[in-house]
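See below for the structure under consideration.
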Amino acid sequence: MTDVIDQAVKGDLSGLPIAADARSLIDRGAGYLTQLFQHAGALTADNAVTGIVKASEFEGGSTGRKLLLEVRYRHQTPDLHHRLFVKFSRDADDQRRDQTRVQMHSEVRLALVSTSAAFPLRVPRCYFADYHQATGTGILITERVAFGEHGIEPLYPKSVDHRIPDVIEHYQAVMQALGTLAGCHRAGVLPDTVEQFFPFDPSLLVVNTSAPPGTEQIHAMIDRYDAFATEFPGLLPARLRQASLLESLRAWAPAVIAAGDRVFAELGSTADHIALCHWNAQLDNAWFWRTDNGQLACGLMDWGNVSQMNVAMALWGALCGAHAGVWEHELDQLIDCFVAAFEGAGAAPLNKPRLLRHLDLYIAYMGVRYMLDSPRLIRQRLPEGVDPTSIFDQPVQADERIRSQLAILTSFLIRWQTGDIQRHLLAITR
């Protein structure tokens, strides 16, 4: 259990009280929601929330608690959503989730930036957002995306590409959205608050402050991967069970970690490749619909850790959970889609060879640092006595953590084989 959450805190930006959990919000009622929505400009002064029709809390995601809210308005206008989504930064019942509350700091700011007419992407409409930095207490209230209704496709869970029709078209839509946002930022057409809320700070991109693994630890992880691939050959493409891959990892993986500071210095030193980006635009963090001309379009949600970053980081964040065929056959065209959208937004052209170099270096570091240990984590989650022979077996498909760990591990290792990681590594360590 965490400490009792302070319900008396006020948001740093609005100065209004923040309801830190569902019970507090419901108890404060329609008048409280009216105060928040009018302050944010979501409601006009002559309108009000007149009642909470329905409220149901649910588990989900890796941060905070969530609430599905349905409300009534004094005047129901076409622009108002009566079905809302509330995200709290805190979780009093789960210390691990509560420790991730800092992610809402940037998510709140993105929600506020998105209310500007100059913001180029579709995101859930913000009704109120604020955060108290001293305690990490925050709240974000948005429209609830109507998945499966009004032409919007169903919500796609993480790493289930085989269930999605025309999945490459969906990745293209995400690349279009990411490239448009980054390009608009580089072109200087986003609201001025972007630089105020999201100054470039490489330290914000460090996801783990613990010491990286040493050579012995890395070799032990490679040995565990070897044993895992032997025991569960159907969970990995055949190319990832080759002896040459293991030899390459043993020879080069320690050098990747040793060069970590140089990798991030390289990523942070190319100003024209640094832009405001979604950190984790996998397909489960998007929603999709067809435009009047039949083109697939998407909106993006779940903006935790949004910041200015090297665009290669955003590409890995969006594609790391994709199926093996994306990394084997579709990567080049998807990067071209991103680059075209970036330049189409008015930004100076990207240097594609440099972008690929940054992508390979970042994947190499993140893969060795965080994904080589995936076999141990997957084993812990597999039910005792269960030996899946395919990624499509029920024990894998039923567990999001297993699915995503397998997908990201596979993506990393395929790029290790097919990219130019060793040459790029030599270039920055000479």
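The values are calculated or read from the model by the stated rules, or taken from the named source; none is laboratory data. Since this is a predicted model, take the numbers as computed values, not measurements. So basically every Cβ, Gly included, is an ideal-geometry build from the backbone, and we count neighbours across all protein chains shown.
What's the number of the condition Ile378 fails, among (1) closer than 22 Å to Glu330 by Cβ; (2) in a helix (DSSP H, G or I)?
Every condition holds for Ile378 apart from (1).
Give me the residue from the range 219-264 that is among the aromatic types (Phe, Trp, Tyr) and in a helix (DSSP H, G or I) and, out of that set, farthest from Asp420 (Cα to Cα).
So, considering only residues that are among the aromatic types (Phe, Trp, Tyr) and in a helix (DSSP H, G or I), the one farthest from Asp420 (Cα to Cα) is Phe228.
I need the full set of residues from the range 279-325 which are over 13 Å from the mean Cα position of the chain (by Cα), charged (D, E, K, R) and either outside the structural domain of Gln417 (by TED's automatic domain parsing) or part of a loop (DSSP other than H, G, I, E, B) (or both), in order please.
Asp292
Among the residues of the range 29-46, write down those that are among the aliphatic types (A, V, I, L, M) and either assigned to a helix (DSSP H, G or I) or surrounded by fewer than 15 Cβ atoms within 10 Å (Cβ to Cβ) (or both).
Those that are among the aliphatic types (A, V, I, L, M) and either assigned to a helix (DSSP H, G or I) or surrounded by fewer than 15 Cβ atoms within 10 Å (Cβ to Cβ) (or both): Ala30, Leu33, Leu36, Ala40, Ala45.
Could you tell me which residue of the range 1-28 is modelled with the highest pLDDT, considering only residues that are among the acidic types (Asp, Glu) and assigned to a loop (DSSP other than H, G, I, E, B)?
Asp12
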